[in-house]
Each structure stands twice: as structure tokens, then as C-alpha cells.
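S.K.: Handing you a structure now.
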Amino acid sequence: MVTLRTSVSFKDSPVLLAFPGLGLVGTISGRYLVEKLGLKWTGYVHSRSLPPVGKVKEGKLLYPINVFSGEDIHVILSEVGIPEEEVWELAGAIVSKARKDGAKIIYILSGVLMPGGEGVFGIPSNQVARKVMEENNIKPIENGVITGVSAAVLLLARESGVPALLVLGPASNRQDFEASIRVVDAISRLTGKEVPLEELREMAHKYEHEIRMLQKKLETPQTPIYG
């Protein structure tokens with residue numbers, strides 16, 4: 001059984017979902033937003049089916065999936081992949097809480113495999129979310145398939161009349177900081193929260209440098225060693 005355990009209300013606030021996925025865009029973006037917005041731990045997701053993973057941050061033990069909150073914004077951040085058998089129940093717990101509390105909208109942070117893609121793309125659950133998307137220059141995805149928690153949340157949100165928007169940064173199969181920068185920038189516009197991007201850009205440059213150095217090392221002929 002999956003339960004969302006938090007005492008805070010989502011009323012009139014955006015709820016951000018940050019789960020591992022393509023390019024780890026959701027996880028990278030979610031962690032960065034929690035840090036830069038100074039959000040505090042306010043709850044967690046309980047399930048015996050989740051991997052037994054505990055994260056220690058600033059001396060505090062956290063759960064695999066945690067809730068972080070500010071005055072008028074909430075982030076549900078997962079450090080682990082979600083077992084397939086738990087996807088619908090987890091999505092149901094999130095959408096039910098958002099509907100019951102009267103959340104403003106759910107934003108799902110993720111990546112989309114789109115080599116050379118520019119900007120940010122979106123998939124809305126209803127017309128309210130579509131209007132938000134259009135007003136913030138987020139391009140629609142016309143055709144494709146989505147899976148996992150993102151799909152389950154969007155579909156349940158549609159059934160429940162809860163505005164939800166999947167925010168997608170064009171990403172690669174490896175950690176993609178550039179895609180994460182685009183998603184964080186989009187969330188900054190969507191929520192009206194000022195989020196500095198300099199540190200995330202520095203992380204992107206550092207990671208790309210490390211990748212280039214590794215590729216260069218792998219391309220350099222190695223002296224054979226014989227036993």
C-alpha cells in the first residue's frame with residue numbers, strides 16, 4: 001500500500017513531481033529547486049515495495065521519496081525508480097491529495113529524447129493546463145508515447161479534473177544538465193519563483209568537461225600489457 005504522509009496542505013499551490021527518468025532531468029531539477037528555493041522537509045511517501053534506500057542530508061535521514069515545501073510551493077522528490085506495480089497507486093495518492101486540497105496545478109519534471117531539440121515541451125491533462133502551457137511558450141508534443149509515473153499522473157489528473165502539465169526538456173540518455181537548466185527555467189516562469197541558474201550552468205560545464213576528457217582518454221591508444 002502506498003501512502004503520502006504529509007501534514008501540509010497543497011491548497012492553491014503548484015505541486016512539482018521530480019522522479020528519475022531520461023537524463024535524470026526530473027531528479028537534477030528537483031534537487032536544485034529544493035535547494036535554491038530553500039524548501040523544508042514536510043513529509044514522505046510510505047511503501048514497503050520501494051527500494052530500501054535512505055539518503056542522509058545535512059545529518060538527517062530521508063526516505064526514498066520525500067516532500068519538500070515552501071510557503072506556496074511543494075516538491076515531491078524521488079531518489080529511486082518506482083516499481084511498476086506501485087506506479088498507479090503512487091500516482092493515485094498524489095492526484096487524490098492534490099484534488100482534495102485544491103492544488104493549483106501539478107507540474108511533472110522530466111526529459112524527452114529529442115536530439116537537437118530546443119526549448120521546452122509539454123503535455124497537459126486538460127484545457128486549464130494547456131492554457132498555462134501556451135501562455136508560457138511551452139511547445140506541445142503532437143505525437144508520442146509516455147510511460148511510468150508521468151503517464152499515470154497525467155491520466156488520473158485528467159479523470160479527476162486536476163490541472164497537470166508534463167514539462168519536458170530535450171535530453172540524452174546520460175545525465176543531462178542542459179535539459180535540466182531548461183526545465184528549471186521553465187518552472188521559474190510557471191511558478192513566478194526566481195531561481196538563479198548560474199550554479200546549474202557551472203555543473204553542466206563541469207560535467208561536459210569530464211565527459212570530453214573521458215572520451216579523449218578512451219580514444220588514446222593504450223600501451224598493451226603482456227603477462
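S.K.: Between residues in the stretch 71-92 that are surrounded by fewer than 16 Cβ atoms within 10 Å (Cβ to Cβ) and residues that are part of a strand (DSSP E or B), which pairs lie under 9 Å by C-beta distance while being six or more apart or on different chains?
M.R.: Matching pairs, first to second residue: 72/14.
S.K.: Can we say residue 118 is more than 17 Å from the chain's Cα centre (by Cα) and not β-branched (Val, Ile, Thr)?
M.R.: Criteria met by residue 118.
S.K.: Please go through the stretch 137-171 and pick out each residue that is small (Gly, Ala, Ser) and either on the phi < 0 side of the Ramachandran plot or in contact with a Cys (Cβ under 9 Å, 6 or more places away or on another chain) (or both).
M.R.: Residues satisfying the conditions are 150, 151, 152, 157, 160, 164, 169, 171.
S.K.: Evaluate the following for residue 128: is it closer than 22 Å to residue 14 by Cα, touching a residue at least 24 places away in the same chain (Cβ under 8 Å) and more than 18 Å from the chain's Cα centre (by Cα)?
M.R.: When the stated conditions are applied, residue 128 passes them.
S.K.: Please determine, by comparing only the residues of the stretch 141-177 that are more than 28 Å from residue 99 (Cα to Cα) and either among the β-branched types (Val, Ile, Thr) or in contact with a strand residue (DSSP E or B) (Cβ under 8 Å, 6 or more places away or on another chain) (or both), which one is surrounded by the fewest Cβ atoms within 10 Å (Cβ to Cβ).
M.R.: 173
S.K.: Name the single residue, out of those in the stretch 141-151 being touching a Gly at 6+ places or on another chain (Cβ under 8 Å) and touching a residue at least 40 places away in the same chain (Cβ under 8 Å), that is nearest to residue 83 (Cα to Cα). Step through it out loud before you land on a result.
M.R.: The initial filter retains those residues of the stretch 141-151 that are touching a Gly at 6+ places or on another chain (Cβ under 8 Å), namely 141, 148, 150.
With the extra rule that they be touching a residue at least 40 places away in the same chain (Cβ under 8 Å), the set shrinks to 148, 150.
Working: 148: 9, 150: 13 Å.
Top of the filtered list is 148.
S.K.: Which pairs turn up if I take residues in the stretch 48-62 that are over 16 Å from residue 87 (Cβ atoms) and look for partners that are hydrophobic (A, V, I, L, M, F, W, C) and exposed (fewer than 10 other Cβ atoms within 10 Å of the Cβ) with beta carbon separation below 9 Å, at least 6 apart in sequence or on another chain?
M.R.: Close Cβ pairs (under 9 Å, with a partner that is hydrophobic (A, V, I, L, M, F, W, C) and exposed (fewer than 10 other Cβ atoms within 10 Å of the Cβ)) amount to 54/61; 55/61; 62/56.
Throughout, read-outs are computed from the coordinates displayed, never taken from laboratory work. Predicted model only: the values in this text are computed from it and were never measured. No Cβ is skipped: glycine too gets one built from the backbone with ideal geometry, and neighbour counts run over all protein chains shown.
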